[in-house]
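Peer 1: Questions regarding the structure given below will be posed in turn.
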Amino acid sequence: MPKINSITRILVTGGSGMVGSYVKQVFNDAECILTDLADLNICDRDSVMIAVEKTSPGLVLHLAAATDVDRCETDRDWARKVNVTGTENVVSACKNNGVKLVFLSSAAVFDGSKPLPYIEADKTGPLNFYGKTKLEAEGIIASRLKDYFIIRAGWMVGGGGKDVKFVGKIARMMAGSNSIKAVNDKFGSLTYAKDLLACTGKLIERGSPGLYHMANHGMVSRYDIALEIKNILGLNKVEIVPVSSSVFPLPAPRGRSEAMENSRLKEIGLDGMRNWKDALRDYLLNDYSGVSAK
Ligand SMILES: NC(=O)c1ccc[n+]([C@@H]2O[C@H](COP(=O)([O-])OP(=O)(O)OC[C@H]3O[C@@H](n4cnc5c(N)ncnc54)[C@H](OP(=O)(O)O)[C@@H]3O)[C@@H](O)[C@H]2O)c1
């Protein structure tokens, strides 16, 4: 696991979330101070200022966010408060104390119409409110800080026994059903949270701040992922039925594609992200602990 040169202490917001659950394991050479909503609400400016001043970290790993895309669409005040105002507070604290910032963003900043995976230079144009707040937060960081890493991740994989996202949900559904439906007309890139943090560590070590895409390689639909989960877990009796996204109407609009290419990481020779199938296999067999073959 990566050692980040000279950084001995990392302050983490949103530390009990999916990505946060891997921080201590990956950055095991540093002292990781994990905070969550209960002990550090990022919407409370004074608390954020005090936390950064008091702990004097070498890096703030800002993971706290309103991540429920559909709730963000209907509860816009909450989404804006957490994703924009909360990030603004973290940025101010980093600026005042000269601390490096890592912020996770998303492919939801794009409109989804590009046939090929998105690269960093592509024009943004979010379709849903979550994407709008993430893009606004990116802008605040880029305009106010110099020492920052904005990392756009794909569909996150992780959480182990507490996995409540797509992979965990599908794996559990497969265990309890002979047939499941999976959408085959929306595309994205998987991002195993553990891979993302390891690659982030190497990027920080290199010291080239800026905007990066960081996803496991490959452009996949939920249907492709479901087929691969079935294959990895040996759930041979389960039928996976491809369906259109219109079968599962959702409050927040999604573009056709949220797939990304790690173009800037490649340019600097740091694209250590693996193929999505290898990452998914590693996750399901060595980390996820919900379903076994039947
Ligand atoms: N999940 C994905 O597919 C995905 C994809 C691309 C990028 N990202 C980004 O990656 C980052 C981490 O995502 P994740 O999947 O780890 O999300 P997650 O599992 O939803 O974790 C987010 C954490 O933030 C906390 N939080 C929410 N509001 C807060 C507040 N006001 N103050 C402090 N903490 C607060 C949550 O606490 P509670 O649970 O108590 O509310 C939760 O622990 C986020 O920036 C997200 O936008 C995620």
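Peer 1: Can you show me the helix-derived [θ] at 222 nm for the chain, built from DSSP H runs with n ≥ 4 at -39,500 (n - 2.57) apiece and divided by the number of residues, rounded to the nearest 500.
Peer 2: Numbers: 11 runs with 106 residues, N = 294.
It comes out at -10500 deg cm²/dmol, rounded to the nearest 500.
Peer 1: What list of ³J(HN,Hα) values in whole Hz, one per residue of the range 142-152 in order, does the Karplus curve 6.51 cos²θ - 1.76 cosθ + 1.60 (θ = phi - 60°) give from phi, with Gly and Pro shown as x?
Peer 2: Working through the residues one at a time gives 5, 7, 10, 10, 9, 9, 9, 10, 9, 10, 8 Hz.
Peer 1: What is the distance in Å between the Cα centroid of the range 21-92 and that of the range 259-278?
Peer 2: Result: 26 Å between the Cα centres.
Peer 1: Out of the DSSP beta bridges found with both residues in the range 80-232, what percent are antiparallel (nearest 5)?
Peer 2: 10 percent
Peer 1: Name the lysines eligible as straight-distance cross-link partners of Lys169: C-alpha to C-alpha under 26 Å, and not fewer than 8 places from it in the same chain.
Peer 2: Lys24, Lys134, Lys181, Lys186, Lys194, Lys230, Lys237, Lys277, Lys294
Peer 1: Pull out the extension gain between Lys165 and Leu37, defined as 0.36 nm times the separation in residues minus the alpha carbon to alpha carbon distance; nm, one decimal.
Peer 2: 44.1 nm
Peer 1: Looking only at the chain, where both bridge partners belong to it, what percent of the DSSP beta bridges are antiparallel (to the nearest 5)?
Peer 2: On the way: 2 of 37 bridges.
Here the antiparallel bridges make up roughly 5 percent for the chain.
Peer 1: Can you give the local net charge around Glu53? Use residues other than it whose beta-carbon is closer than 15 angstrom to its beta-carbon, Lys and Arg +1, Asp and Glu -1.
Peer 2: Its environment carries a net charge of +2.
Peer 1: If each residue's Cβ is checked for other Cβ atoms within 10 Å, how do Lys24, Lys146, Lys132 rank with the fewest at the top?
Peer 2: Going from least to most buried by this count: Lys146, Lys24, Lys132.
Peer 1: If a/c stays under 1.5 just call it rounded; otherwise compare a/b with b/c (prolate if a/b is bigger, oblate if not). Do that for the range 1-79, with a ≥ b ≥ c from the square roots of the Cα gyration tensor eigenvalues.
Peer 2: Verdict is oblate for the range 1-79.
Peer 1: Order by neighbour count: Met156, Met273, fewest other Cβ atoms within 10 Å first, most last. The partial results should precede the final answer.
Peer 2: Values: Met156 22, Met273 25.
Final ranking by Cβ density, sparse to dense: Met156, Met273.
Peer 1: Could I ask something else about it? Under 12 Å from the Cβ of Gly15, count the other residues' Cβ atoms, weight Lys and Arg +1, Asp and Glu -1, and hand me the total.
Peer 2: -1
Peer 1: Quick check: residue separation of Asn96 and Asn178 times 0.36 nm, minus the Cα distance between them. What number comes out in nm?
Peer 2: 23.9 nm
Peer 1: Then there's this: Which angle from 0 to 90°, rounded to the nearest 10, does the C-alpha axis of helix 45-55 make with the longest principal axis of the chain?
Peer 2: The two axes meet at around 80 degrees.
Peer 1: Going by how many other Cβ atoms sit within 10 Å of their own, how do His217, His62 line up, fewest first?
Peer 2: Numbers: His217 18, His62 26.
Going from least to most buried by this count: His217, His62.
Peer 1: Within a Cβ distance under 11 Å of Tyr148, other residues only, what is the Lys/Arg minus Asp/Glu net charge? Show your work: numbers first, answer last.
Peer 2: Values: positive: Lys95, Lys100, Arg144, Lys146; negative: Glu138, Asp147.
Residues close to Tyr148 contribute a combined charge of +2.
Peer 1: Tell me, in nm to one decimal, what length is gained between Arg45 and Trp78 on full extension, where the rule is 0.36 nm per residue of separation less the Cα-Cα distance? Each step should come with its number before you reach the end.
Peer 2: On the way: separation 33, 0.36 × 33 = 11.88 nm, distance 1.56 nm.
Taking Arg45 through Trp78 to full extension adds about 10.3 nm, to one decimal.
Read-outs throughout are calculated quantities, based only on the coordinates presented, and are distinct from any laboratory measurement. Being a predicted model, the structure only gives us computed values, none of them experimental. Note that we place each Cβ from the backbone using ideal geometry, even for glycine, and neighbour counts take in every protein chain shown.
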